[in-house]
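The values are calculated or read from the model by the stated rules, or taken from the named source; none is laboratory data. Everything numeric here is computed off the predicted structure, so don't read it as measured data. Glycine gets a Cβ as well: all are built from the backbone with ideal geometry, and neighbour counts include every protein chain shown.
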Amino acid sequence: MKKLIGSLALVAALAAPAALAGEGENCHDKASTAARSEVSKLGVAELAKLRQDPAKKTHVVDANTADFRAKNGVIPGAILLTSSARYDAAKELPAAKAEKLVFYCANQKCGASHQAAARAMEAGYTDVSVLPVGLTGWKDAGQKVASLPQS
């Protein structure tokens, strides 16, 4: 029995890095499977429509790293988080917890947006979604991207 348990632990330890390898090089913080399943998802067309609706205040929130943003840009007007896992919701997100928040990161393999969205829900935000295709999907759909000023 001990031999079987030891073998299973070894298999699990060897499998973990392989599972993370597919997440994408720009994804600095991996989201748990639970966080991915709890948050509602929006498509590019839905987010573009929400952004044009003056009756519905929608905040787009970028959970990417500064390096990724510098290379790839951001969705215009996005709130830029300091970290997907450790940002201060009280300082970095809108005060009104009922306003719509839509988080994005690099792409579908990245979990940073899910992690950041879960953190917002833990902080009491009630209308939280993610754009699973991330900035890559946004760009692929022909939507505009803003470049950040070089520092």
Restricting the first residue to region 65-76 and requiring it to be under 13 Å from Cys105 (Cβ atoms), which pairs with a second residue that is surrounded by fewer than 19 Cβ atoms within 10 Å (Cβ to Cβ) and among the small types (Gly, Ala, Ser) meet a Cβ separation below 6 Å and a spacing of at least six or different chains? Val74/Ala146
When you scan region 104-119, how many residues do you find that are of a type outside the set (D, E, K, R) and either surrounded by fewer than 24 Cβ atoms within 10 Å (Cβ to Cβ) or closer than 16 Å to Ile75 by Cα (or both)? 8
Scan of region 122-151 for residues that are farther than 24 Å from Lys57 by Cβ, of a type in the set (Ser, Thr, Tyr) and assigned to a loop (DSSP other than H, G, I, E, B), ordered by number: Ser147, Ser151
Please enumerate the residues belonging to region 57-75 that are part of a loop (DSSP other than H, G, I, E, B) and in contact with a Leu (Cβ under 6 Å, 6 or more places away or on another chain). Ala63
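Only one residue in Leu81, Leu101 is touching a residue at least 40 places away in the same chain (Cβ under 8 Å) and surrounded by 22 or more Cβ atoms within 10 Å (Cβ to Cβ), so which one is that?
Working: Leu81 fails: touching a residue at least 40 places away in the same chain (Cβ under 8 Å).
Exactly one of Leu81, Leu101 is touching a residue at least 40 places away in the same chain (Cβ under 8 Å) and surrounded by 22 or more Cβ atoms within 10 Å (Cβ to Cβ), namely Leu101.
Would you check which residues across region 95-110 are of a type in the set (Lys, Arg) and within 16 Å of Met121 (Cβ to Cβ) and list them? Working first, answer last.
Applying the first criterion (of a type in the set (Lys, Arg)) to region 95-110 yields 97, 100, 109.
Result: Lys97, Lys100.
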With respect to Lys109, determine if the residue is modelled with pLDDT of 95 or more, assigned to a helix (DSSP H, G or I) and charged (D, E, K, R). no
